[in-house]
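Read through the structure below, which is laid out as structure tokens, and then see the notes.
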Amino acid sequence: MLLVVPLAFVSVPQIGVAIEYRGVITRSVVGTDGSLKGTPSLFAFRAEVSIDRYRISRLAVSGLSCFDEVAGSDGIDCYFLQKRWPSWKEKELHVHYQERGEVTPGPFPARASPEIQLTWIVFASHRNLTNGQPIVLSHISYAPYNELKADIKYAVKQDWPESIEVFSPGAELVLGKKHPLPPPFQGGYRLWDLLLATGETNGVAYPAKATFFQYSVFTDLNGRNAELRKILKIEITTTNIGESSQLSDDYLPTLSQTNLMALDFRYSPQIPRPGMGPVDAIQYPLPEGKWLSRTNKQVQASGASVKVETELANRLANPSNRRYVVLTILFVGMCVFPLIMIRQAKHR
């Protein structure tokens, strides 16, 4: 049953006004015959959305995923918090959990679960997604993330996408290396899609339900024949909508630890992607349980250090630059070594 709090005065988020969406998310494995297998994982979500800021919470209710996540944005960067318990019993008692905090540039929750990323697309993307732009979801590691293509359709009066199709090129990633796919998928294939249904109450429209399917190409033992199969289904259903009481400047996840270590990717040349390997990042404690913005002096100094180290590493990675650096070191050594010998001779 859909319970909706009427919003006769606003249909989309406005400056100074936040809309709160609540609902449920189900995540199901799709079998080889196309039917759902096993018991789906169940989550509760809460999305507080303003015009340029948001906070999205995903709370585990049942299933395999025994952890909670919160992603929030100050309009510039995304702050991500994850709490993970070793068992459902310990989660119910709210003890023995691990907490992880990360920061990435831009509003998209790049380090969150697909459930939060899809919830952001549905409620908080605000027509900022464009055709041709790669939309990279977490845990899809077999597709070249930098070669994805998106086909996005918006309805005339909607602030959210009506449908999204994301296509991968005719290759798959195996241990980070691309391998061509056999016909008929050598030209590419559908990696995932998202279809939204719109609800309405008192003349106010809202995203009522979103259905996501993830696909993969399966080949036979000879590697000659292939077929496209659904492997994952995620459904997002809105059950409540109303005006949020959230303060307009307080959308970041609430920290429960007073000195949590945060991993910050804002100064890295690349945001970490599934199967991509490690990238440059800075790490620092969050004193007094508060996030550090870009204006913090410690963050600025650490970020500048990462940029210098990255530029030096890139120079050394280039053969010509590496040769130049080596020759420079040798030249300096040839100049400094005689001076050291003369100095030592004077002290004998």
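The values are calculated or read from the model by the stated rules, or taken from the named source; none is laboratory data. What you see is a predicted model; the values in this text were computed from it and never measured. Reconstructed Cβ throughout: ideal geometry from the backbone, glycine too, with neighbour counts over all protein chains shown.
Can you tell which of Arg127, Arg111, Arg46 is among the basic types (Lys, Arg) and buried (at least 21 other Cβ atoms within 10 Å of the Cβ)?
Details: Arg127 fails: buried (at least 21 other Cβ atoms within 10 Å of the Cβ); Arg46 fails: buried (at least 21 other Cβ atoms within 10 Å of the Cβ).
Exactly one residue qualifies, and that residue is Arg111.
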Can you name the residue in the range 27-49 that is in contact (Cβ under 8 Å) with a residue 60 or more places away in the chain and hydrophobic (A, V, I, L, M, F, W, C) and, of all such residues, is nearest to Glu227 (Cα to Cα)? Val30
What are the residues in the range 156-191 that are within 30 Å of Val49 (Cβ to Cβ) and either among the acidic types (Asp, Glu) or touching an Asp or Glu at 6+ places or on another chain (Cβ under 8 Å) (or both), if any? Asp159, Glu162, Ser163, Ile164, Glu165, Val166, Phe167, Ser168, Arg190
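Just checking, how many residues over the range 106-129 are under 9 Å from the mean Cα position of the chain (by Cα) and outside any loop (DSSP other than H, G, I, E, B)?
At the first step, the residues of the range 106-129 found to be under 9 Å from the mean Cα position of the chain (by Cα) are 108-114, 116-117.
Checking the rest, the ones that are also outside any loop (DSSP other than H, G, I, E, B) come to 114, 116-117.
The number of residues fulfilling the criteria is 3.
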Could you grab the pairs with beta carbons closer than 8 Å, sequence gap of 6+ or different chains, first residue in the range 205-229 and modelled with pLDDT under 95, second one surrounded by 15 or more Cβ atoms within 10 Å (Cβ to Cβ) and among the acidic types (Asp, Glu)? Val217/Glu172
The range 258-278 - residue that is surrounded by fewer than 14 Cβ atoms within 10 Å (Cβ to Cβ) and assigned to a loop (DSSP other than H, G, I, E, B) and, of those, modelled with the lowest pLDDT: Gly277
Cβ-Cβ under 7 Å, sequence separation 6+ or interchain: first residue in the range 109-122 and within 11 Å of Ile56 (Cα to Cα), partner in a helix (DSSP H, G or I) and not acidic (Asp, Glu). Which pairs? Pro109/Ile116; Pro109/Gln117; Pro109/Trp120
Being among the hydroxyl-bearing types (Ser, Thr, Tyr), surrounded by 18 or more Cβ atoms within 10 Å (Cβ to Cβ) and at pLDDT 90 or above is the requirement here; does Ser168 meet it? yes
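Between Leu196, Leu118, which is out of contact with any Lys or Arg (no Cβ under 8 Å at 6 or more places or on another chain) and at pLDDT 90 or above? Break it down into steps so the answer makes sense when it comes.
Values: Leu196 fails: out of contact with any Lys or Arg (no Cβ under 8 Å at 6 or more places or on another chain).
Only one candidate qualifies: Leu118.
So, in the range 194-203, how many residues would count as being buried (at least 17 other Cβ atoms within 10 Å of the Cβ) and either among the hydroxyl-bearing types (Ser, Thr, Tyr) or under 30 Å from Asp220 (Cα atoms) (or both)? Please lay out each step first, then the result.
Narrowing the range 194-203 to residues buried (at least 17 other Cβ atoms within 10 Å of the Cβ): 194, 196.
Subsequent filtering for residues that are either among the hydroxyl-bearing types (Ser, Thr, Tyr) or under 30 Å from Asp220 (Cα atoms) (or both) retains 194.
Number satisfying all stated conditions: 1.
Output the number of residues of the range 204-214 satisfying the condition of being within 19 Å of His139 (Cα to Cα) and either surrounded by fewer than 18 Cβ atoms within 10 Å (Cβ to Cβ) or over 24 Å from the mean Cα position of the chain (by Cα) (or both). If you could, list the steps in order and put the result at the bottom.
Filtering the range 204-214 for residues within 19 Å of His139 (Cα to Cα) gives 211-214.
Okay, now just the ones that are also either surrounded by fewer than 18 Cβ atoms within 10 Å (Cβ to Cβ) or over 24 Å from the mean Cα position of the chain (by Cα) (or both), so 211, 213.
The number of residues fulfilling the criteria is 2.
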Output the residues belonging to the range 172-193 that are more than 23 Å from Leu129 (Cβ to Cβ), over 21 Å from the mean Cα position of the chain (by Cα) and either surrounded by 19 or more Cβ atoms within 10 Å (Cβ to Cβ) or charged (D, E, K, R) (or both). Lys177, Lys178, Leu181, Phe185
